[in-house]
Every structure is written in structure tokens, then in C-alpha cells.
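The values are calculated or read from the model by the stated rules, or taken from the named source; none is laboratory data. Nothing here was measured: the structure is a model prediction, and the numbers come from that model. Please note: Cβ atoms are built from the backbone with ideal geometry, for glycine as well, and neighbour counts cover all protein chains shown.
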Amino acid sequence: MMSARDGAPAGAEQSTLVTAHRTVVAVDVAGFGERNRNNINQVRVRRGMYRAMEEAFRLAGIAWDACRSEDRGDGILVLAPADVQKALFVDRLPNHLLAALIEHNRTHPVEEKIRLRLALHAGEINYDEHGVTGSAITHTFRLLDADEVRRAFASSSAVLAVVGSAWFYDEVIRHSERSRAKTYRLADITNKETMTQAWIRLLRRRTVTGL
């Protein structure tokens, strides 16, 4: 059962630990803190990021209000309920998000343009009186922040990078005919205590087809 406030299971505000399976989505704006962005630019980038995410979720058929979202300054953590089809996050979300980012960038100066990294994973999430935690969340952010992902994105002209964990690729991406699984490339990831593999897809303007 979900609470209306934040998408946490009923009773999560109590002192006892509550665990639930969630799809974990983490996004981060590339170069958010660069010197050419002033505070006003950063506010407009954040607004654009939220607008793009909420619009993309809506068009992908994922109810934003049914998910728990946490602000991370230059990014967002989103936890989607277990009953939301995971395929939606790779079949529909990337292209809708790309389209929303392109539209934002078309109407904003260079200091407010957005290039976004998005990581996907799933697992058991722990809820307590302070919020959420769990190895699945930590793993997702290790992928999102990995040097290997940053380098691949920085050396490309892509607007959006989608990073699927090894689990998410094996269980979701490669089984879907609409996920464009062949466009993902395997990468070895080393970030702090994490040594793993992930699958990276870079999306450019020309990939906005079949929304």
C-alpha cells in the first residue's frame, strides 16, 4: 500500500524498517556546476530537468505521482512501484525524455542547455523515518557517476545517456523488441567500492523515432 505523500509503503514513517522492491531511476545534469552557469542559469536548468522528466514519464505511461522522487540538486532519484512495467523505462521513456530535452535546449541559451545521464536498476529499498536507502540505490548512483560513463558521454554529441545495470540489461532491456538493445554498449565500471559492468546507450537528435 502506498502513501499519498511520497510513494512510500504505509508505515514507512514509523521507526521500524520497511522494505519494498522498486525500479530505481537516477538522473544527473552533465556539467551542472560549470563556471559559465550562474545561479539563475542553474535554476532554469533544474526547472527544465523536472519539466522534461515529468513530461517524459507521462508520455511513457508512468505516473509521476505514483513514484517517490527525491531532489539531488543537479539530479533526481526516482523510485517506481513494483507494479509499473520495467519495460516502459527502456521502451518509451528514453525517446520521450530525449524529445523533451531537445525542446528545452532549442529555446534556451548555451548556459541553460541540458545534457542528461540516466541510470536504471532495480532492487529492495529500505524506508525509515529519515527517507530511503539500500544497496540498489547506491549501485545506481555508482553507475551514474562512473568515470567510464562520463567519458563516453563527454566524447559524444549525445543529449541523453542511458545506463542500464547488468541486471536491468539481462532481465529487461535485451528481452524487449522496442528497447533498441543492440544500441547499448557494454562497459566495465569501477567507482569507489563498486566493480561491475553496465550497458550504455547514447541518444542523439536522429534517434527520436517511433515515440
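Counting only residues that are closer than 24 Å to Met49 by Cβ and free of Cβ contacts under 8 Å to residues at least 24 places away in the same chain, which one in region 151-173 is surrounded by the fewest Cβ atoms within 10 Å (Cβ to Cβ)?
Top of the filtered list is Ser155.
Regarding region 7-27, can at least one residue be identified that is out of contact with any strand residue (DSSP E or B) (no Cβ under 9 Å at 6 or more places or on another chain) and either more than 25 Å from Thr183 (Cβ to Cβ) or without any contact (Cβ under 8 Å) to a residue 24 or more places away in the chain (or both)?
No; the residues of region 7-27 include none that is out of contact with any strand residue (DSSP E or B) (no Cβ under 9 Å at 6 or more places or on another chain) and either more than 25 Å from Thr183 (Cβ to Cβ) or without any contact (Cβ under 8 Å) to a residue 24 or more places away in the chain (or both).
Do we have any residue at all in region 174-181 that's loosely packed, with under 15 Cβ neighbours inside 10 Å and over 20 Å from Val24 (Cβ atoms)?
Yes; the residues of region 174-181 include at least one that is loosely packed, with under 15 Cβ neighbours inside 10 Å and over 20 Å from Val24 (Cβ atoms).
Would you check if there is a residue in region 112-120 being charged (D, E, K, R), more than 16 Å from the chain's Cα centre (by Cα) and over 17 Å from Ala166 (Cβ atoms)?
Yes, region 112-120 has at least one match.
Residues that are over 30 Å from Leu17 (Cα atoms) and touching a Ser or Thr at 6+ places or on another chain (Cβ under 7 Å): does region 164-173 have at least one?
yes
Name the residue, out of Asn36, Asn41, that is out of contact with any Lys or Arg (no Cβ under 8 Å at 6 or more places or on another chain), over 18 Å from Leu98 (Cα atoms), assigned to a loop (DSSP other than H, G, I, E, B) and not aromatic (Phe, Trp, Tyr).
Unique residue meeting the criteria: Asn36.
Given the residues Glu148, Glu124, Glu129, which is the only one that is of a type outside the set (Val, Ile, Thr), under 21 Å from Val84 (Cβ atoms) and surrounded by fewer than 23 Cβ atoms within 10 Å (Cβ to Cβ)?
Just one listed residue meets the conditions, Glu124.
Only one of Pro109, Pro81 is surrounded by fewer than 17 Cβ atoms within 10 Å (Cβ to Cβ), at pLDDT 95 or above and out of contact with any Asp or Glu (no Cβ under 6 Å at 6 or more places or on another chain). Can you tell me which?
Pro109
I'd like to check something: does region 69-85 contain any residue that is in contact with a Leu (Cβ under 7 Å, 6 or more places away or on another chain) and part of a helix (DSSP H, G or I)?
No, every residue in region 69-85 fails to be in contact with a Leu (Cβ under 7 Å, 6 or more places away or on another chain) and part of a helix (DSSP H, G or I).
Give just the number: which of (1) touching a Phe, Trp or Tyr at 6+ places or on another chain (Cβ under 8 Å); (2) closer than 23 Å to His139 by Cα; (3) assigned to a helix (DSSP H, G or I) does Met49 not satisfy?
(1)
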